[in-house]
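Structure first, then comments.
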Amino acid sequence: MSAVRAVALGIGITLACLGARATHAAELLVGNKSADTVWRLSLRDGRRTGEYRTGEAPHEIAVAPDGRTAVVTNYGGSQSGNTLSVLDLVGGKPTRTIDLGQHSATHGIRFLPDGRRVLVTTEATASLVVVDVASGEVERTLDVGAGTGHMVALSPDGQVAYLTKIQAGTVSRIDLVSGARVERAAGKGAEGVAVRPDGAEVWVTNREDGTLTVHDPRTLAIRRRMSSKGFPIRVTFAADGTLAFVAHARAATLAVFNARTKVPLATVPLSREDMTYQPTMLGRAALPIGVVVAPDRPRAYLAISGGDRIAVVDTQRWQVIDYWVTGREPDALAFIPD
C-alpha cells in the first residue's frame, strides 16, 4: 500500500493519505482543530492509517452514505472560515476545497440521503445552506435567524432539519421541502442535538443549564427535562435507539441514558491523573467533545480535546479500555464504514 501525496489549488489544502485503498476495514475519522488535519485511525488498534490537510480549524465531519467521501467544515480562526474540505476516502484523490463565498463560520454538517448534497450551518450569516458536493455550488440558503445556529441533525427521512442555537438557547425545526421554521426554547447554551433513530424524539444538550431536553419532533414541545450536570456538549444514540450517550465537557464524563425510560444507566470517567492536558475553553482540562458509538461492536469513542487522545469506552463494562493518540485538539468524529 503506497503513500499518496498531492497538492490542491484554492487555499493549498493537501492530502497525505497513508492508507487510501479500494477496500478497507472500518476506521475512525478525527478532526484535529488546532492542527488543521483529519486523521484516519484503525478501529482495531487506533493506529493512524491516513492524514488529510484541511482548512483552518476543522470542526465537524460528515461521511457520505456510500462511505467514499467525507466533507469537513472549516470554521476558521481569527477570520471566519467559509470553506468545506472534500476528502476522497477510497481513491486517494487530492483534497478538494468548496468555497461558500459570503457564508462563513461553517460548523454543523450532515449529508442528505441522496449522498450528493450536504446541509451546513454558517454562523456568521445565520444560515443553513444546501451544497452540491460534486459541483461545489450552494443550491439553497435558508435563513435560521439570530442566536448562533451551531449543530444540525436530520430526521430519518432527511426532510426535516433540527438546529440548535447556543446564545438563544433554542432548537429549531426546519422543513427542507417548504422551508417552514419553528423555534422553541430548549435551555441555556443549547448545543448538541440528535434525533432518535426511529424519529420519535429530538434530544438537546443544554450546556449552561446542565440539562437534557427531549422534544416532540413535530411541535418541539418539551416532553422531558433531565439533569445532566457537567457542561453537556454532545449527544448521540446507539444504532438501535435504545441508549443515549452524552459527553460532559467540564465533568469529563460520558453519561449513558436509557432512551426509552430516560433513566441514567452509567457514568464513565474520561480523564486521567497521569495525563497532561492542554489549555482549553474550560481551562487546562480533558474537555471531551465529539462522541460516536460503533454500530457493530461494543465501543464508544470520545474526542478528548485537551489531551490529544481518543478515549475508547467498552459499552458492556462501561469503562475506558484505551486511549489513542490524535493530532492537536481533536473534536469531530465520524466512522468510515467497512
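The values are calculated or read from the model by the stated rules, or taken from the named source; none is laboratory data. Not measured: the values here are computed from a predicted model. A quick note on method: Cβ atoms are made from the backbone with ideal geometry, for glycine too, and the neighbour counts reach across all protein chains shown. Quick note on the areas: whole protein, heavy atoms, side chains included, nothing else; ligands and nucleic acids left out. Shrake-Rupley method; radii C 1.70, N 1.55, O 1.52, S 1.80 Å.
Across the alpha-carbon atoms of the range 160-211, the computed radius of gyration and Dmax are 11.0, 34 angstrom. Expressed as a whole percent, how much of the Cα-Cα distance distribution for the chain exceeds 32 Å? It works out to 23 percent of all Cα pairs. Each residue of the range 245-258 was assigned a 3J(HN,Hα) from its phi angle through the Karplus curve 6.51 cos²θ - 1.76 cosθ + 1.60 (θ = phi - 60°); the sequence is 10, 10, 8, 9, 6, 6, 6, 6, 9, 10, 9, 10, 10, 6 Hz, with glycine and proline shown as x. Along the axis of the charge dipole computed for the chain (Cβ charges of +1 for Lys and Arg, -1 for Asp and Glu, origin at the Cα centre), the listed residues N74, T242, A26 are led at the positive end by T242.
Along its principal axes, the range 108-183 has C-alpha extents of 34, 25, 18 angstrom, given from the largest down. Residues whose amide H comes within less than 5 Å of that of A334, counting only those at least five positions distant or on another chain, are L29 (H built at 1.01 Å from N in the peptide plane).
Could you do me a favour and compute the accessible area per residue for the chain, 1.4 Å probe, result in Å²?
Per-residue accessible area for the chain comes out at 39 Å².
Magnitude of the charge dipole for the range 233-276, about its Cα centre and with charges confined to Cβ atoms of Lys, Arg (+1) and Asp, Glu (-1), is about 200 debye. Over all other residues within a Cβ to Cβ distance under 12 Å of S104, the charged ones net out to -3, with Lys and Arg as +1 and Asp and Glu as -1. Ordering S227, I310, A194 by Cα displacement along the dipole of the range 161-318 toward the positive end leaves S227 in first place; charges were set at the Cβ atoms of Lys, Arg (+1) and Asp, Glu (-1). One compactness figure for the range 29-186 is 1.02, namely its Cα radius of gyration divided by 2.2 N^0.38 Å.
Multiplying the residue separation of R284 and V90 by 0.36 nm and removing their Cα-Cα distance gives an extension gain of 66.1 nm. Rounded to the nearest 20, the size of the Cβ-charge dipole of the chain about its Cα centre is 580 debye, with Lys and Arg at +1 and Asp and Glu at -1.
Evaluated at q = 0.18 Å⁻¹, a Debye calculation over the C-alpha positions of the range 219-321 (equal weights, vacuum) places log10 I(q)/I(0) at -0.82.
Ligands, DNA and RNA left out, the accessible area of the range 150-207 computed with a 1.4 Å probe is 45% carbon and sulfur. A Förster radius of 35 Å combined with the Cβ-Cβ distance from D157 to D274 puts the calculated FRET efficiency at roughly 0.15.
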